[in-house]
Amino acid sequence: MIDVIKLLPDSVANQIAAGEVIQRPASAVKELMENSLDAGATQIDLYVKDAGKGMIMVIDNGCGMSETDARLCFERHATSKISKAEDLFSIRTMGFRGEALASIAAIAQVELKTRRKEDEVGVKIINEGSVIKEQTLAPMAVGTTFTVKNLFFNVPARRNFLKSANAEMRHVVEEFTRVALMNPEVGFILNSDGKELYHLFPGNLKQRIMGLFGNNYNEKLLPVRQETDRVTINGYIVKAEFAKKTRGEQYFFVNKRFIKHPYLHHAIENAFLEMIPKDSFPGYFLNIEVDPADIDVNIHPTKTEVNFLDVKLIYAILHAAVRKAIGQNNLSPMIDFDEPTNLGIDFGEVVKQSNPIVQPSVPFNPSYNPFSEKREFTKSSFGGFQSFEKRQDPGDWRQLYEEPAKEEPVQKNHYIQLNQSYIITTLKSGILVIDQHLAHCRILFEKFLKELENDSGQSQQELFPEPFSLNANDASLLRDILPDLRRVGFDLEQVNATTFIIKGTPADMAGFNAVEMIEKMIDNYKINRTDLNLDRKLGIAKTMSSQLALKASTALTEMEMQNLADQLFGCSVAEVAPDGKKIYAILTLDELNLKLKT
Ligand code: ADP
Ligand code: MG
């Protein structure tokens, strides 16, 4: 027998790890901006070229770094923000794993310039693919400037699967918005390909919302404020009559960090119940402050998911706070703590101090015309960033990014299938071969994991609910994992000590035998039994994804192949399947040349 295990070279390991933190230009934007905030910056300017694919530059006036720190910050687990494991639970700053800069440097060309106020002169460091290429002195103002060029230059598969400039730019604007919203006391600029898209002055939250979404928001917002000894809720909801047909303006933060939380989202939506039409969505900009010890943020690498220790309590408080805001608005004008104050900034017509008139009881805007709003930004009238010039109101051109554009891949690829098992397509630099089964495993795995965290699995009701029996031991194991199975969409009911009925199954499970799947899951749980929540969830996601994933020897259409490839490279880890197997291989032009010419 020959040994088959090889250790990955560091550079490859770094690139794989980088995929978890940096999936697209917008992820780098987020990490860099959060670092600037953590450094105490009061002004943060973001410049991007080609939607961040060409260049991302973040300039801040924060505390800067010493020369040693400037070299060190690119190392994995280099962080000034925690020193012992307990710190993880009390952390209030944004980043805390010391991974962002190491990840960015692994997959891009990075220039760092930084200067502290006690230093006469700054330092400039160039790092390419994790290697420091240059270090010189740099005369500059106090603060830090990161310039990130050619993201994914050494990971052609990822680079190739970035979306069109429009789509990537939407993500960049979204991250910028999330950071800017919760830090209204900081000034921000966003400049894209030489055009200034946002220039946000320091102010309060209401002014910040207006700066980001348009001055007309002055009349659309209702303040929400609720303080209890466990949580404080603060922010604005959009009045019911301005509810939109798209889900755009739903911003929910915990301790100022943007998160997605379908369950708590439901608390808000529910509070609006019967106030807005069925097909419309309430808008909100809400921050919940909780003791960091009451949450667990680090359950997903991109950190948009959070577990609360007492989520039911938060649900109730949030629901009540939003209801109260709506109710008070209907009775009498609200006191608004954030009413624009004069900061020496010209808000033009915005600063109308008069209070809003009592809202009409019509629960939606009768003059709303679904055809008037968005149609003007069709693809044909929008041929690139030039058209931004004409759009002065930020709220206006924002819609353009929100247009659910049919995302065309940057370059149209063809896909062919080999042996009904492998998907083959070309990259600029070679040939990409994807194992369809492993790719699908990875996609489903990440999907189930999300559903397990968010409790968001869709269930398909069975027409003929099927009873099944287990032995006493298995039945008790099933009871252990039952709550998690519900999260991914199993609707099971226990009839007696050993008999269960399957009333519903996960939506993706059509055509699969649910009882068999449940038995597999019990078996798996038997082998890897653990009481750790996360491990148990990983186990379930693994079993389900490997069972449900597309098998080898399945014919696929070109469309299906393209979808699979797109979804794969949208995953946080595209390189390896949940069981560690490599998902794809690239045959480079160089390798081909070598083969052909010898
Ligand atoms: P983390 O933010 O999790 O600590 P990063 O890789 O994002 O990890 O950053 C590593 C370290 O580099 C930070 O802890 C901080 O000390 C330093 N750093 C990064 N960006 C800046 C900045 N804009 N200004 C000052 N220091 C910075
Ligand atoms: Mg960071």
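Couple of notes before you dig in:
- Residue ID - nearest to LEU162 (Cα to Cα), chosen from residues in region 564-591 that are assigned to a loop (DSSP other than H, G, I, E, B) and small (Gly, Ala, Ser): GLY570
- Of residues in region 569-585 being of a type outside the set (Gly, Ala, Ser) and open to solvent by 50 Å² or more (accessible area, probe 1.4 Å), the one modelled with the highest pLDDT: LYS582
- Any chance MET561 is surrounded by 13 or more Cβ atoms within 10 Å (Cβ to Cβ), part of a helix (DSSP H, G or I), in contact with a Ser or Thr (Cβ under 8 Å, 6 or more places away or on another chain) and among the aliphatic types (A, V, I, L, M): yes
- Test: residue in region 253-264 that is within 21 Å of TYR315 (Cα to Cα), of a type in the set (Lys, Arg) and not in a loop (DSSP other than H, G, I, E, B): yes
- Test: residue in region 225-244 that is within 30 Å of LYS53 (Cα to Cα) and within 23 Å of the chain's Cα centre (by Cα): no
- Flag if VAL58 is modelled with pLDDT of 95 or more, within 19 Å of VAL186 (Cβ to Cβ), more than 10 Å from ligand 1 (Cβ to nearest atom) and open to solvent by less than 10 Å² (accessible area, probe 1.4 Å): no
- Any hit, region 566-574, residues being in the same structural domain as VAL433 (by TED's automatic domain parsing) and free of Cβ contacts under 8 Å to residues at least 40 places away in the same chain: no
- Flag if GLY122 is at pLDDT 95 or above and within 8 Å of ligand 1 (Cβ to nearest atom): no
- Filtering region 223-240 for residues that are among the acidic types (Asp, Glu), surrounded by fewer than 21 Cβ atoms within 10 Å (Cβ to Cβ) and in a strand (DSSP E or B) leaves a non-empty set.
- Among the residues of region 200-220, not a single one is surrounded by fewer than 18 Cβ atoms within 10 Å (Cβ to Cβ) and under 30 Å from ALA108 (Cα atoms).
Here's the yes/no breakdown for (1) within 16 Å of ligand 2 (Cβ to nearest atom); (2) touching a Ser or Thr at 6+ places or on another chain (Cβ under 7 Å); (3) small (Gly, Ala, Ser):
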position	(1), (2), (3)
ASN154	no, no, no
ARG158	no, no, no
PHE161	no, no, no
MET169	no, yes, no
ALA180	no, no, yes
GLY187	no, yes, yes
LEU190	no, no, no
HIS199	no, no, no
LYS206	no, no, no
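- Cβ-Cβ under 9 Å pairs, at least 6 apart or on other chains, region 27-41 side farther than 14 Å from THR177 by Cα and in the same structural domain as ASP60 (by TED's automatic domain parsing), far side basic (Lys, Arg) and near ligand 1 (Cβ under 6 Å from one of its atoms): ASP38/LYS81
- Breaking point among (1) open to solvent by less than 60 Å² (accessible area, probe 1.4 Å); (2) farther than 30 Å from PHE448 by Cα; (3) modelled with pLDDT of 85 or more, for ARG323: (1)
- Of everything listed in (1) at pLDDT below 75; (2) within 26 Å of LEU221 (Cα to Cα); (3) touching an Asp or Glu at 6+ places or on another chain (Cβ under 7 Å); (4) of a type outside the set (S, T, N, Q), the single unmet condition for PRO301 is (2).
- Filtered residues of region 15-34 (kept if open to solvent by 40 Å² or more (accessible area, probe 1.4 Å) and under 15 Å from ARG76 (Cα atoms)): GLN15, GLU20
- Of the criteria (1) more than 16 Å from ligand 1 (Cβ to nearest atom); (2) assigned to a strand (DSSP E or B), which one ASN127 fails: (1)
- Among (1) open to solvent by less than 20 Å² (accessible area, probe 1.4 Å); (2) within 16 Å of ligand 1 (Cβ to nearest atom), the one test that SER192 misses: (2)
- Screening VAL142, VAL186, VAL173, VAL179 for residues that are more than 26 Å from the chain's Cα centre (by Cα), in the same structural domain as LEU46 (by TED's automatic domain parsing), at pLDDT 95 or above and more than 30 Å from TYR584 (Cβ to Cβ) leaves exactly one candidate, VAL142.
- Residue check, LEU137 buried (at least 21 other Cβ atoms within 10 Å of the Cβ) and aliphatic (A, V, I, L, M): no
- The set of residues in region 153-182 being touching a Pro at 6+ places or on another chain (Cβ under 9 Å), in a loop (DSSP other than H, G, I, E, B) and not hydroxyl-bearing (Ser, Thr, Tyr) consists of PHE161, LEU162, LYS163.
The values are calculated or read from the model by the stated rules, or taken from the named source; none is laboratory data. Because the structure is a prediction, the values reported are computed rather than measured. Neighbour counts are summed over all protein chains in view; Cβ atoms, including those assigned to glycine, are modelled from backbone coordinates with ideal geometry. Note: areas computed on protein heavy atoms with side chains; ligands, DNA, RNA excluded. Shrake-Rupley method; radii C 1.70, N 1.55, O 1.52, S 1.80 Å.
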